[in-house]
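First comes the structure, then the notes that go with it.
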Amino acid sequence: MDRQLDDMDRRLLSALHEWGTDPRVAAVARALSWSGEHGALWLAAGLAGAAVDRERRGAWVRATALTTTAHLTSMAVKRIVRRPRPAHVVPLVRTAGRHSFPSSHATSAAAAAVAYGALGVRVVPPLAVAMCVSRMVVGVHYPSDVAAGAALGALTARLGARWMGVGHD
């Protein structure tokens, strides 16, 4: 990465991480981090939607599959890129792995926002944004990790929109 971009990434992360000094913000960021581990929040939401919305059960299952696919794709990219997690801030949470690019939390959150949003669930996009920001507040991802993860997740869900069988023409 270009030195200026790398420096900007580090400074933005430091500024966002500073929000975590407020115990209330830190508690919310930790809760979001925990609930988003391995896409758990989004998978649970998709399965709940499939259980409750019998008319569109197939679309919910496919939306959940797209969210899962996006998450798994981000994990594969992480293994290829192998960017270390930020070392200049003290993380507020433990992580499942050592690599940060792209953020898998951001990937699954953005995929869920697009896929479940196509099913009319309006609460997911703001929650997905909060999930993305939380990864920087807890100090485990650079802004570029989160941006790349969100783009990967949104693209994955958008490409699968027709397969879901709803809107998105």
Exercise. Can you name the residue in segment 10-65 that is out of contact with any helix residue (DSSP H, G or I) (no Cβ under 9 Å at 6 or more places or on another chain) and among the charged types (D, E, K, R) and, of all such residues, is surrounded by the most Cβ atoms within 10 Å (Cβ to Cβ)?
Worked result: R10
For this session: Identify, by number, the condition in (1) within 20 Å of M8 (Cα to Cα); (2) under 11 Å from the mean Cα position of the chain (by Cα); (3) open to solvent by 10 Å² or more (accessible area, probe 1.4 Å) that S103 doesn't meet.
Result: (3)
Problem set entry | Some residue of segment 75-91 being within 13 Å of the chain's Cα centre (by Cα), surrounded by fewer than 24 Cβ atoms within 10 Å (Cβ to Cβ) and farther than 28 Å from P23 by Cα | yes
Exercise. Between residues in segment 106-122 that are modelled with pLDDT of 95 or more and residues that are of a type in the set (D, E) and open to solvent by less than 10 Å² (accessible area, probe 1.4 Å), which pairs lie under 8 Å by C-beta distance while being six or more apart or on different chains?
Worked result: A106/D145
For this session: State which residue is surrounded by the most Cβ atoms within 10 Å (Cβ to Cβ) when the search covers only segment 106-133 and only residues that are part of a loop (DSSP other than H, G, I, E, B) and either under 9 Å from the mean Cα position of the chain (by Cα) or of a type in the set (V, I, T) (or both).
Result: V121
Exercise. Counting only residues that are modelled with pLDDT under 85, of a type outside the set (K, R) and surrounded by fewer than 20 Cβ atoms within 10 Å (Cβ to Cβ), which one in segment 147-169 is farthest from E55 (Cα to Cα)?
Worked result: D169
Seminar exercise, completed: Scanning segment 122-138 for residues that are more than 15 Å from A40 (Cα to Cα) and touching a Gly at 6+ places or on another chain (Cβ under 7 Å) gives P125, V137, V138
Seminar exercise, completed: Checked segment 15-34 for anything of a type in the set (S, T, N, Q) and modelled with pLDDT under 90; matches are T21
For this session: Go through segment 96-105 and give me each residue that's in contact with a Lys or Arg (Cβ under 9 Å, 6 or more places away or on another chain) and at pLDDT below 85.
Result: G97
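The values are calculated or read from the model by the stated rules, or taken from the named source; none is laboratory data. For clarity, every value in this text was computed on a predicted model and none was experimentally measured. Every residue, glycine as well, gets a Cβ built from its backbone with ideal geometry; the counts of neighbours run over all protein chains shown. We work out accessible area using only protein heavy atoms, side chains counted, and drop any ligands, DNA or RNA first. Shrake-Rupley method; radii C 1.70, N 1.55, O 1.52, S 1.80 Å.
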